[in-house]
1. Kindly list, by first and then second residue, each pair from a residue in the stretch 185-214 that is farther than 19 Å from ALA227 by Cβ and near the ligand (Cβ under 9 Å from one of its atoms) to a residue that is aromatic (Phe, Trp, Tyr) and assigned to a helix (DSSP H, G or I), limited to pairs with Cβ atoms under 9 Å and residues at least 6 apart or on different chains.
2. Does any residue of the stretch 226-241 turn out to be under 26 Å from THR111 (Cα atoms), within 16 Å of the ligand (Cβ to nearest atom), surrounded by fewer than 19 Cβ atoms within 10 Å (Cβ to Cβ) and among the acidic types (Asp, Glu)?
3. Please give the number of the condition PHE163 fails out of (1) touching a strand residue (DSSP E or B) at 6+ places or on another chain (Cβ under 9 Å); (2) within 9 Å of the ligand (Cβ to nearest atom); (3) of a type in the set (Phe, Trp, Tyr).
4. Where the second residue is assigned to a helix (DSSP H, G or I) and near the ligand (Cβ under 8 Å from one of its atoms) and the first is among the charged types (D, E, K, R) and lies in the stretch 112-137, which pairs have Cβ atoms under 6 Å and are six or more apart or on separate chains?
5. Identify all residues within the stretch 169-180 that are under 23 Å from ILE219 (Cβ atoms) and touching a helix residue (DSSP H, G or I) at 6+ places or on another chain (Cβ under 7 Å); write none if there are none.
6. Got a number for residues in the stretch 119-135 being more than 8 Å from the ligand (Cβ to nearest atom) and not polar (S, T, N, Q)?
7. Could you identify the single residue in GLY160, GLY149, GLY165 that is over 17 Å from ASN200 (Cα atoms), touching a Gly at 6+ places or on another chain (Cβ under 8 Å) and assigned by TED's automatic domain parsing to the domain that holds VAL260?
Amino acid sequence: MRAEELLRRYLEQRRDQGEVELVLDTMSVDDVMRLIGAAHRRETSSASTDASDWREALRSAGARTASPAAPPVERSLSPAPSTPASLPPDGLVVGSEGRELFDGELGHCQTVQHVEALIGACRKCDLYRTAKHPVPGEGSATARLVCVGEAPGASEDETGRPFVGQAGQLLTKILEAIKLAREDVFIVNVLKHRPPGNRNPLPIEVDACRPYLVRQLEIIRPSVIVAFGTFAAQTLLDTKLSIGKLRGAIHRYHGIPVVVTYHPAALLRNPAWKRPTWEDVQLARRLLDGVRQ
Ligand code: SF4
């Protein structure tokens, strides 16, 4: 039996089984045309390999092919199934969800006040020598959102409170915009003493001070962390990636979602960053509201 006849019978058999639109499993259009001796048609045509080729080829082989199926109207008119696609992708993951234990007294701290007392007595780096006051952080010990900044500035050093200068006032407004009062959240810096002249923190200072932040987060166990500024983001996420690369993703710090955004002080210098910051804190709000947990 000729290959062409075999193919015709095969196709009729498939049609009798109810198939309308054929999917020629592993066969290309050229394979089919070669099989039914219609390869020459391609050479004389415009060398197209669109869907009409194989139908035409099959028709010339004697098979009755159905017209192309009508487009599935319902499907094409319906919107794509709604997914939380509006959320950005997952980002960096630091640590496991279990507790991160420290040796010594810090590991036994059960309250933020206890951590605060240890910070007040800390001599692990030289920053306490030049600072006026330690700035351990403040806010609700049961906060669902923790704001992490870089280090105390002059106003913070004077008062012992985080984010109280101009940048702090802006942070308060940012929080209000997502329906949070300062008292509802916990506000903290990576460094607890002010670097002289607001210089950048040194790696040795960060390494010395980081355990306090980790313990504070362990005790508070917030639902969301917002890292304000490159320094806070890089310290929390243990990365050197720029803030531009860290924004727009949901990172994980010991299982807690981390949103990265610009530092309020940077917003004061560059108002163009207000819009992306607004988008970032909106994301934090949505995470708090349980869009994805
Ligand atoms: S900055 Fe941190 S590590 Fe350095 S003395 Fe203050 S609390 Fe201790």
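1. HIS193/TYR128
2. Within the stretch 226-241 (the criterion being under 26 Å from THR111 (Cα atoms), within 16 Å of the ligand (Cβ to nearest atom), surrounded by fewer than 19 Cβ atoms within 10 Å (Cβ to Cβ) and among the acidic types (Asp, Glu)), the answer is no, since none of the residues qualifies.
3. (2)
4. Pairs that qualify, where the first residue is among the charged types (D, E, K, R) and the partner is assigned to a helix (DSSP H, G or I) and near the ligand (Cβ under 8 Å from one of its atoms), are LYS124/ALA208.
5. LEU171, LEU175
6. Total meeting the criteria: 6.
7. So the residue among GLY160, GLY149, GLY165 that is over 17 Å from ASN200 (Cα atoms), touching a Gly at 6+ places or on another chain (Cβ under 8 Å) and assigned by TED's automatic domain parsing to the domain that holds VAL260 is GLY165.
To keep it simple, each residue is scored yes or no on (1) modelled with pLDDT of 95 or more; (2) within 23 Å of PHE228 (Cα to Cα); (3) of a type outside the set (A, V, I, L, M).
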| residue | (1), (2), (3) |
| --- | --- |
| LEU92 | no, yes, no |
| GLY95 | no, yes, yes |
| GLU105 | no, no, yes |
| GLU116 | yes, yes, yes |
| ILE119 | yes, yes, no |
| ARG123 | yes, no, yes |
| PRO134 | yes, yes, yes |
| VAL146 | yes, yes, no |
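The values are calculated or read from the model by the stated rules, or taken from the named source; none is laboratory data. Everything numeric here is computed off the predicted structure, so don't read it as measured data. Cβ coordinates were reconstructed from backbone atoms using ideal geometry, including for glycine residues, and neighbour counts include every protein chain displayed.
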